[in-house]
Amino acid sequence: MAGGQGTRLRPLTSNQPKPMLPIMGQPMLHHILRLLRRNGMNEVVITVQFLASIIRNFFGDGSDLDLALTYTTEDEPLGTAGSVKNAERFLDETFLVISGDAVTDIDLQEVVEFHRSSGAAVTVTMKRVENPLEFGIVITDEKGRVERFLEKPGWGEVFSDTINTGIYVIEPEVLGFVPQGEEFDFAQDLFPMLLQKGLPMYGYVAEGSWTDVGNVEAYFGVHRAVLDREVNVELDAFELTGGVWLGEGAEIDPEAQVEGPVFVGPNSRIEAGAQLRSHSVVGANVVVKSGAFLHRAIVHDNAYVGPQASLRGCVIGKNTDVKHGARVGEGAVIGDECYIGEGAVLNPEVKVYPFKTVEPGALVSQSIIWESKGSRSLFGERGVGGLVNVDITPEMALRLGMAFASTLPKRSVFVASRGVTPAARIIKRAMVAGANASGVDVHDLELVPAPVARFYARSARATSGLYVRTAPQDPASVDILFFDGRGVDIDAGTQRKVERNFYRDDIRRVLAHEIGELSFPARGREYYIREMMNVVDAQTIRNRTPKLVVDYAFGAMSLTGPGILGRLGVDLLAVNATLDEERVLLSEGSDVAEHLEQLQRLVRASGAGLGVLFDPAGERIRLVDETGRVLSLAQALLTLISLVARSTPYPRVAVPVATSRQAEEIVKRHGGEVVWTPISAPALMAAAEDQGVVFAGAEGGGYIFPEFLAAFDGLMSTVKLLELLGRNRTTLGAVVDELPAVHVVRRDVPTQWEAKGGVMRRLLERIGQGAVTIDGVKTYRGDDWALVVPHPQDPVIRVWAEAATEPEAVALAGEFADLVEELKG
């Protein structure tokens with residue numbers, strides 16, 4: 001019998017029949033069918049009703065289990081006896097009835113032999129239990145003949161500890177007492193009728209284990225029983241010492257901490273530093289990252305458990321992602337295909353129904369059933385980003401490409417490009433297919449730096465484009481950057497259109513003759529180089545014959561940079577100037593530090609006037625002066641602002657609102673104006689498009705010269721730096737030495753998502769008039785200032801402060817960080 005919905009097990013049974021709920025990586029029904037085969041029964045009829053096709057498709061004709069399976073379907077629930085009556089045409093001899101949603105190792109052959117020896121019309125299999133309240137009680141005489149039934153008694157009615165397991169051996173003529181097509185139950189309707197008529201009914205007290213998996217508590221309990229070997233269930237795994245069971249292809253890193261008994265399903269991976277404590281069960285194709293902690297947790301197939309995540313006594317449904325630092329409490333149940341964001345906390349006993357999203361940093365204290373609980377934005381600080389084959393799969397990328405293309409007219413031209421890694425390549429290909437499927441032509445530049453693709457769109461050869469790269473901070477993730485016909489990141493309105501198309505599946509699907517064309521332009525890089533040569537003052541650079549050390553960081557700029565720098569007469573020492581998929585990634589920290597140390601040594605040894613380190617996408621640069629000094633990000637930005645201000649009458653410069661006040665002082669000394677922008681790359685690019693802005697930059701190493709391209713461009717920034725140094729007949733080190741001291745301090749205050757809005761409202765009320773609200777809340781104390789901005793993706797509020805000295809800046813940042821803590825309530 002496999003027609004039950006399992007309402008008490010929701011949300012695990014919200015999108016699958018109860019018998020398909022996995023126990024140790026296999027559906028409960030699978031374990032029952034194996035038990036029948038072990039007991040010599042090979043002809044099985046399965047009664048199905050709720051989501052019947054799932055069961056049919058999974059088991060088929062039963063040949064994989066060496067069984068002959070037949071199915072009968074109920075259009076409406078018919079009760080336990082009614083569903084068997086529905087299969088009457090297949091039951092022409094003594095047959096056994098068993099539930100497909102229990103776990104047992106009872107010897108069924110013994111039950112059948114007792115039935116035949118007693119001459120019973122019906123034999124009820126019984127078990128002795130400590131708490132019979134949830135079951136039907138059975139009283140028998142000394143020979144085992146049933147005298148009385150009582151369904152789910154109260155304690156005042158308990159007169160036995162032997163309960164009805166729902167396993168029956170029945171003679172076919174008994175079904176003649178069951179009405180056709182009506183709801184009819186064995187224990188409540190049929191058996192009392194048979195007793196009244198005097199038919200021989202017997203009870204057999206079975207040995208072995210039997211568990212009715214009727215609720216979440218029982219679901220946890222049966223896993224414990226299997227791991228403790230209290231019930232004999234076949235496991236598709238082999239046992240190591242200490243009760244550690246491994247499925248085929250499963251991997252546990254030697255540096256992981258594993259305390260048995262545990263089960264790790266086929267092709268799952270437990271990484272170094274992860275902790276797997278007793279009675280944890282991990283399904284197939286699960287990844288448990290370093291630092292994750294699992295204790296008495298049940299994780300279904302294809303789930304992802306991120307670094308530092310903590311799962312205690314909970315269930316995680318299949319295809320669910322639990323991200324970095326998320327915590328799931330005792331008794332919590334997460335349905336299939338959910339997303340639990342970074343740092344989210346799910347309180348004990350919370351239930352999250354399938355296909356729901358929990359925002360990063362959210363505190364969930366109530367079950368999420370119908371609502372989406374604030375579905376996260378598709379776009380973040382770096383476009384659309386996430387883990388490859390977890391967040392960003394080829395299927396998702398295909399739909400995203402269609403969603404973006406659907407915002408464009410048919411036959412528009414869409415430029416696509418990518419970084420060096422295979423992950424970027426496969427995601428870009430999927431998006432190209434999606435764009436073509438929505439009737440948009442694609443010019444695929446393949447492997448080029450991001451600025452080359454942006455310039456291609458700006459040059460009117462395309463109306464928009466995308467660039468796929470491996471994320472700078474995480475080699476397992478990719479970022480997808482979208483830009484418009486100006487080469488600038490798409491605006492918030494376009495982002496919302498793409499999100500709406502993606503989430504609502506409001507995607508344009510064209511007819512076969514309207515499918516877009518795919519071409520591979522041969523001269524995309526040449527267009528970029530030619531126009532850059534037209535914009536820069538090449539002769540000023542050639543006159544100085546600058547000596548330059550460039551670290552291409554194994555990225556795509558190694559294919560483009562030499563073509564420009566060679567034409568400008570630069571005496572060039574190039575390092576790491578080959579494409580290398582394994583070494584291309586630069587994460588802020590040790591990787592960047594190692595490259596900068598090498599660059600320092602080479603600048604000093606070669607007597608070069610400048611050292612430049614490109615990021616892998618070719619958008620940002622780090623600088624080393626002629627003395628081998630590594631410029632801080634703040635120094636590099638102020639240096640470029642100073643050189644631009646000296647060389648341009650009445651300069652107009654755009655910088656984010658968190659930039660040092662010294663930027664404005666420098667520009668004002670030369671009769672110029674600063675345009676303050678929100679702290680985001682799209683906002684800075686949008687400001688750079690304004691008429692009169694000659695330079696825009698941020699402290700992340702991204703600089704914009706709008707006369708060429710209103711987007712970050714590491715090569716243009718390098719060439720313009722050489723030009724500006726030549727015009728001013730100075731060196732990089734000399735400009736840095738003239739810069740004023742900068743004392744800007746940043747503090748991050750962890751803040752739950754739902755508290756952010758209230759904190760900012762109360763902060764603005766506290767500050768009152770005079771606050772600047774370009775991005776967050778900025779307030780001034782004379783020349784000193786403090787800025788408070790909620791982070792757009794993380795559960796954090798950031799505090800910046802600038803003062804005349806470092807201790808004063810630290811104190812001011814601490815004061816406002818404390819204020820944020822106070823306002824969190």
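Structure values in brief
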item	result
Those residues of segment 769-782 which are open to solvent by 40 Å² or more (accessible area, probe 1.4 Å) and not in a loop (DSSP other than H, G, I, E, B), in sequence order	VAL772, TYR780, ARG781
Enumeration of residues in segment 483-498 that are open to solvent by 10 Å² or more (accessible area, probe 1.4 Å) and either among the small types (Gly, Ala, Ser) or not in a loop (DSSP other than H, G, I, E, B) (or both)	ASP484, GLY485, ASP489, ALA492, GLY493, THR494, GLN495, ARG496, LYS497
Positions within segment 783-824 being within 26 Å of ALA344 (Cβ to Cβ) and either open to solvent by 50 Å² or more (accessible area, probe 1.4 Å) or in a loop (DSSP other than H, G, I, E, B) (or both), in sequence order	HIS791, PRO792, GLN793, ASP794, PRO795, ARG798, ASP818, GLU821, GLU822, LYS824
Count - residues of segment 435-457 that are surrounded by fewer than 24 Cβ atoms within 10 Å (Cβ to Cβ) and part of a helix (DSSP H, G or I)	2
Number of positions in segment 717-729 that are touching a residue at least 24 places away in the same chain (Cβ under 8 Å) and either open to solvent by 20 Å² or more (accessible area, probe 1.4 Å) or touching a helix residue (DSSP H, G or I) at 6+ places or on another chain (Cβ under 6 Å) (or both)	6
Segments classed as strands (runs of 3 or more DSSP E), wholly inside segment 181-254, with at least 1 members that are β-branched (Val, Ile, Thr), in contact with a Phe, Trp or Tyr (Cβ under 9 Å, 6 or more places away or on another chain) and in contact (Cβ under 8 Å) with a residue 12 or more places away in the chain	244-246
Yes/no for GLY317 being in contact with a helix residue (DSSP H, G or I) (Cβ under 8 Å, 6 or more places away or on another chain), open to solvent by less than 10 Å² (accessible area, probe 1.4 Å) and modelled with pLDDT under 95	no
Yes/no for THR47 being of a type in the set (Val, Ile, Thr) and assigned to a helix (DSSP H, G or I)	no
Residues being touching an Asp or Glu at 6+ places or on another chain (Cβ under 8 Å), within 17 Å of ILE541 (Cα to Cα) and surrounded by fewer than 20 Cβ atoms within 10 Å (Cβ to Cβ) - total across segment 730-764	1
Selection count, segment 502-532, where residues are free of Cβ contacts under 8 Å to residues at least 12 places away in the same chain and aliphatic (A, V, I, L, M)	3
Search result, residues across segment 260-292 that are open to solvent by less than 30 Å² (accessible area, probe 1.4 Å) and either farther than 17 Å from LEU246 by Cα or in a loop (DSSP other than H, G, I, E, B) (or both)	GLY260, PRO261, GLY265, SER268, ALA274, SER278, GLY283, ALA284, VAL286, GLY291, ALA292
ALA187 being in contact with a Gly (Cβ under 8 Å, 6 or more places away or on another chain) and open to solvent by less than 20 Å² (accessible area, probe 1.4 Å)	yes
Selection within segment 50-93 - under 41 Å from the mean Cα position of the chain (by Cα), among the acidic types (Asp, Glu) and not in a loop (DSSP other than H, G, I, E, B)	ASP64
Residue that is under 25 Å from MET716 (Cα atoms) and over 21 Å from the mean Cα position of the chain (by Cα), where the choices are VAL413, VAL442, VAL432, VAL448	VAL448
Single unsatisfied condition, ALA553 versus (1) among the aliphatic types (A, V, I, L, M); (2) within 29 Å of the chain's Cα centre (by Cα); (3) not in a loop (DSSP other than H, G, I, E, B)	(3)
Count - residues of segment 556-573 that are part of a helix (DSSP H, G or I) and of a type in the set (Ser, Thr, Tyr)	1
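Residue-by-condition table, conditions (1) surrounded by fewer than 20 Cβ atoms within 10 Å (Cβ to Cβ); (2) farther than 26 Å from ASN215 by Cβ; (3) touching a residue at least 60 places away in the same chain (Cβ under 8 Å):
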site	(1), (2), (3)
LEU36	yes, no, yes
GLU43	yes, yes, no
VAL48	no, no, no
ASP64	yes, yes, no
LEU67	yes, yes, no
LEU96	yes, no, yes
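A quick yes/no check of all residues on (1) of a type in the set (S, T, N, Q); (2) modelled with pLDDT of 90 or more; (3) under 20 Å from THR393 (Cβ atoms); (4) part of a strand (DSSP E or B):
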residue	(1), (2), (3), (4)
ASP301	no, yes, yes, no
GLY325	no, yes, no, no
GLU342	no, no, yes, no
GLU349	no, no, no, no
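The values are calculated or read from the model by the stated rules, or taken from the named source; none is laboratory data. What you are looking at is a predicted structure, and each value in this text was computed from that prediction instead of being measured. Every residue, glycine as well, gets a Cβ built from its backbone with ideal geometry; the counts of neighbours run over all protein chains shown. Only protein heavy atoms, including side chains, enter the accessible area calculation; ligands, DNA and RNA are left aside. Shrake-Rupley method; radii C 1.70, N 1.55, O 1.52, S 1.80 Å.
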